[in-house]
1. Let's test this: bin the Cα-Cα distances of the range 16-62 at 10 Å from zero up to the farthest pair and state each bin's percent.
2. Taking 8 Å as the Cα distance limit and 6 or more residues as the minimum spacing, I'd like the relative contact order of the range 16-62 as a percentage.
Ligand SMILES: [Zn+2]
């Protein structure tokens, strides 16, 4: 008799699907910024700054267009 094995390991495809699902919930359709948390898209439709018209500090969201490592120009 086997106990149900916990399926902890996701396949790459599963991870990608999960990431897409998360990205859809974390990305504001108004400004295109991706956040660390899920946005209230069902109720609010966009992120707080878009709703309330204020600007964010850079560390609040993931700037998808920014390079991973900011290097000094030599
Ligand atoms: Zn927004």
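1. It works out to 29, 57, 14, 1, in whole percents.
2. Details: 46 pairs, mean separation 14.9, N = 47.
Averaging sequence separation for qualifying contacts and normalising by length gives 32 percent for the range 16-62.
Quick note: the coordinates plus some simple rules give every number you see, no bench work behind them. As the structure is a computational prediction, the values presented were derived from the model and not from experiment.
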